[in-house]
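One structure below.
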Protein chains: 2
Amino acid sequence: MQDLIQDVFVNIFSNDHLSVFHDSATLSPPNGPLAFTTDSYVIRPLFFPGGDIGSLAVHGTINDLAMSGAWPYYLSAGFILEEGLELTTLQRVAHSMAKAARTCGVQIVCGDTKVVDRGKGDQIFINTAGIGVIPTNINIRPDHIEPEDRIIISGDLGSHGIAVLSVREGLSFSGNISSDSAPLHEVIADLLNAGVSIHCLRDLTRGGLASALNELAQASKTQLTIEESKIPISDSVRGACEILGLDPLYVANEGRFVMFLPAKEVDRALTVLRKHHIAHGSVDIGEVQQLHSAQHNYPVILQTLIGTSRILDLLSGEQLPRIC
Amino acid sequence: MQDLIQDVFVNIFSNDHLSVFHDSATLSPPNGPLAFTTDSYVIRPLFFPGGDIGSLAVHGTINDLAMSGAWPYYLSAGFILEEGLELTTLQRVAHSMAKAARTCGVQIVCGDTKVVDRGKGDQIFINTAGIGVIPTNINIRPDHIEPEDRIIISGDLGSHGIAVLSVREGLSFSGNISSDSAPLHEVIADLLNAGVSIHCLRDLTRGGLASALNELAQASKTQLTIEESKIPISDSVRGACEILGLDPLYVANEGRFVMFLPAKEVDRALTVLRKHHIAHGSVDIGEVQQLHSAQHNYPVILQTLIGTSRILDLLSGEQLPRIC
């Protein structure tokens with residue numbers, strides 16, 4: 001185990017803070033409120049078009065920090081390995097994590113490895129926790145969503161889920177669908193630096209756009225109305241979803257987010273967003289509405305292509321298990 | 001899943017920072033350098049005399065922070081649940097975690113839950129990452145160990161490992177062995193407040209005292225010599241180890257630590273330690289020695305009861321898998 005930690009993790013994740021011989025990392029005190037988040041990654045299979053569990057574990061946790069406006073600084077990495085795992089598989093994942101962290105400018109500063117017996121795990125599970133710093137006067141959160149806010153999404157939906165599913169099920173779709181997995185902190189920082197007043201952000205992971213909007217409607221006690229005609233979905237994702245019987249509005253993304261902001265901020269926001277290749281497909285898809293009668297449920301309404309409207313409910317089960 | 005998170009986690013872990021509707025927690029900026037650590041817990045069975053995976057996941061991560069002299073403030077909690085897990089089991093673990101956190105004065109501020117298919121996990125795995133703050137001018141770390149430092153351990157060894165093993169293997173030993181799992185931050189803070197100059201601390205988890213000393217000898221490039229006659233081991237643990245063919249010096253503890261400090265500090269340190277019930281069995285067990293010839297290995301020497309000395313090596317495999 002000590003050899004494994006030294007060979008794989010210390011060498012691959014090497015930085016000033018990471019020390020295998022100490023229980024915790026010591027970090028400089030930050031200038032501002034901390035953002036702190038955690039996510040476990042159990043995606044199956046480990047490798048998929050556009051990413052793997054290692055890069056996903058870096059991007060996903062960075063994105064959770066970015067969704068509060070925080071700039072990410074430090075990650076922890078906890079591995080649960082199944083006995084019998086090929087060392088080369090672990091090395092490939094660790095290299096991918098290290099590369100993603102370097103590219104994103106974050107440091108993996110502490111880690112832990114546990115091994116479980118064969119049949120009690122599934123190759124590799126990874127937990128990353130992340131620490132970021134929130135800029136002064138930034139307060140991005142669900143209960144800041146206001147009636148008349150516009151709703152923007154940062155690009156086309158469903159590529160991550162369909163890319164993973166295609167490898168898992170051995171399907172091949174036209175158009176080579178690749179995961180949208182990407183770090184979002186730079187585009188969010190650019191929006192904040194441009195002075196865009198953001199009320200709320202949410203990445204569109206498990207459960208996709210529909211689940212995120214339902215949670216946010218509930219948290220902000222508003223009704224959200226979006227227009228189907230405005231929501232970008234590629235032909236290949238749409239085709240794959242039809243074959244598989246999936247609704248792309250519920251399929252997971254790992255590099256897409258929804259943003260709520262005042263109508264007067266929309267043009268400036270879209271100008272900033274479209275300068276980033278990971279958000280060049282950003283569009284305004286709808287609006288927040290006040291509900292005048294007191295109620296317990298706050299609906300998400302989809303104005304359909306054929307001119308009707310329907311409620312986008314939360315799904316009762318998970319449409320796609322182990323997608324992240 | 002949303003119901004599960006609301007019912008089990010939000011209700012049980014309730015605090016000002018934890019919000020199910022936001023991706024990360026926002027925390028006040030700390031006064032001083034941060035300590036940051038992570039650990040995954042895969043212990044089998046989930047419940048054992050003296051604790052369970054929930055309390056262990058709180059104590060273990062708090063202790064990693066305490067070993068750098070940090071006061072623990074915030075924990076994250078990431079759950080990987082196996083499909084088919086009984087809800088009552090999860091609730092029991094979550095209640096235990098919440099109680100341990102309350103008792104220790106830390107807040108669980110963010111969390112995540114993933115479910116894996118049956119046979120791809122083992123009921124419950126928990127990752128906790130922790131954030132603490134290190135007091136000004138405190139610098140406790142392995143490379144601060146110096147020749148002539150004394151070596152203190154905080155109590156008798158091996159109870160955690162033997163308690164877990166007894167349930168796992170359905171064995172019963174005389175003396176009702178109960179895990180030593182306990183939070184160590186208060187006793188460490190008392191030592192620091194009393195002005196005791198601590199060079200290094202290490203909790204004696206996986207691999208026990210022998211493994212910890214080997215890692216620290218290597219990190220500090222010193223030789224460590226300890227006296228077998230000074231090392232407290234209860235009769236029941238000693239008896240169980242004899243039956244099972246285990247060496248108690250390699251058995252895991254979850255509420256014991258080793259401390260390195262100048263000889264002149266020992267009396268004051270022992271006075272503070274013995275005021276805490278979790279450290280009332282503290283004893284000075286040996287000394288740090290300089291090695292005069294350059295070498296690659298830094299041995300840990302055990303002066304045995306019969307007057308000989310032997311090298312305490314690192315074990316090549318894990319003596320007890322899934323003990324934490």
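The values are calculated or read from the model by the stated rules, or taken from the named source; none is laboratory data. Since this is a predicted model, take the numbers as computed values, not measurements. With ideal geometry, Cβ positions are generated from the backbone for all residues, glycine too; neighbour counts draw on all protein chains shown. Side chains included, ligands, DNA and RNA excluded: accessible areas come from the protein's heavy atoms. Shrake-Rupley method; radii C 1.70, N 1.55, O 1.52, S 1.80 Å.
For the residues A:Pro135, A:Pro72, A:Pro142, the requirement of being within 8 Å of chain B (Cβ to nearest Cβ), touching a strand residue (DSSP E or B) at 6+ places or on another chain (Cβ under 9 Å) and farther than 24 Å from A:Pro321 by Cα singles out A:Pro142.
Out of all the residues in segment B:313-324, is one or more at pLDDT 95 or above and either open to solvent by 60 Å² or more (accessible area, probe 1.4 Å) or closer than 30 Å to B:Glu169 by Cα (or both)? Within segment B:313-324, none of the residues are at pLDDT 95 or above and either open to solvent by 60 Å² or more (accessible area, probe 1.4 Å) or closer than 30 Å to B:Glu169 by Cα (or both). Check whether at least one residue in segment A:194-212 is on the phi > 0 side of the Ramachandran plot, within 14 Å of another protein chain (Cβ to nearest Cβ), open to solvent by 40 Å² or more (accessible area, probe 1.4 Å) and touching a residue at least 24 places away in the same chain (Cβ under 8 Å), and report yes or no. No, the conditions are met nowhere in segment A:194-212.
Residues in segment A:115-159 that are open to solvent by 10 Å² or more (accessible area, probe 1.4 Å), in a strand (DSSP E or B) and under 28 Å from A:Gly281 (Cβ atoms): A:Arg150 only. The set of residues in segment A:32-56 being farther than 13 Å from A:Ile131 by Cβ and at the interface with chain B (Cβ under 7 Å from one of its Cβ atoms) consists of A:Asp39, A:Ser40, A:Val42. Of the residues that make up segment B:102-117, is at least one under 18 Å from B:Cys324 (Cβ atoms), away from every other protein chain (no Cβ under 14 Å) and either among the hydroxyl-bearing types (Ser, Thr, Tyr) or touching a helix residue (DSSP H, G or I) at 6+ places or on another chain (Cβ under 6 Å) (or both)? Yes: one or more hits. Which residues, counting only those in segment B:251-271, are among the β-branched types (Val, Ile, Thr) and open to solvent by 20 Å² or more (accessible area, probe 1.4 Å)? Answer for segment B:251-271, where residues must be among the β-branched types (Val, Ile, Thr) and open to solvent by 20 Å² or more (accessible area, probe 1.4 Å): just B:Thr271. Name every residue in segment A:213-235 that is in contact with a helix residue (DSSP H, G or I) (Cβ under 8 Å, 6 or more places away or on another chain), among the polar types (S, T, N, Q) and away from every other protein chain (no Cβ under 13 Å), in order of residue number. Across segment A:213-235, the qualifying residues are A:Gln223, A:Ser234. Scanning segment B:81-92 finds no residues that are within 13 Å of chain A (Cβ to nearest Cβ) and polar (S, T, N, Q). Look at (1) under 18 Å from A:Glu146 (Cβ atoms); (2) at pLDDT 95 or above and you find that A:Gly208 fails only one, number (1).
Would it be correct to say that B:Ile278 is in contact with a Gly (Cβ under 9 Å, 6 or more places away or on another chain), of a type outside the set (Asp, Glu), open to solvent by 10 Å² or more (accessible area, probe 1.4 Å) and over 23 Å from B:Asn139 (Cβ atoms)? Criteria met by B:Ile278. Annotation note: of B:Asn139, B:Asn176, the sole residue that is at pLDDT below 95 and under 30 Å from B:Gly32 (Cα atoms) is B:Asn139.
Of the strands (runs of 3 or more DSSP E) lying entirely inside segment B:213-324, the ones with 3 or more residues being within 18 Å of the chain's Cα centre (by Cα) are found at B:257-261. Any chance segment A:41-51 includes a residue that's hydrophobic (A, V, I, L, M, F, W, C) and open to solvent by 40 Å² or more (accessible area, probe 1.4 Å)? Yes, some residue in segment A:41-51 is hydrophobic (A, V, I, L, M, F, W, C) and open to solvent by 40 Å² or more (accessible area, probe 1.4 Å).
The set of residues in segment B:95-123 being hydroxyl-bearing (Ser, Thr, Tyr) and at pLDDT 95 or above consists of B:Ser96, B:Thr103. Counting the residues of segment A:57-113 that are open to solvent by 20 Å² or more (accessible area, probe 1.4 Å) and farther than 20 Å from B:Ile131 by Cα gives 17.
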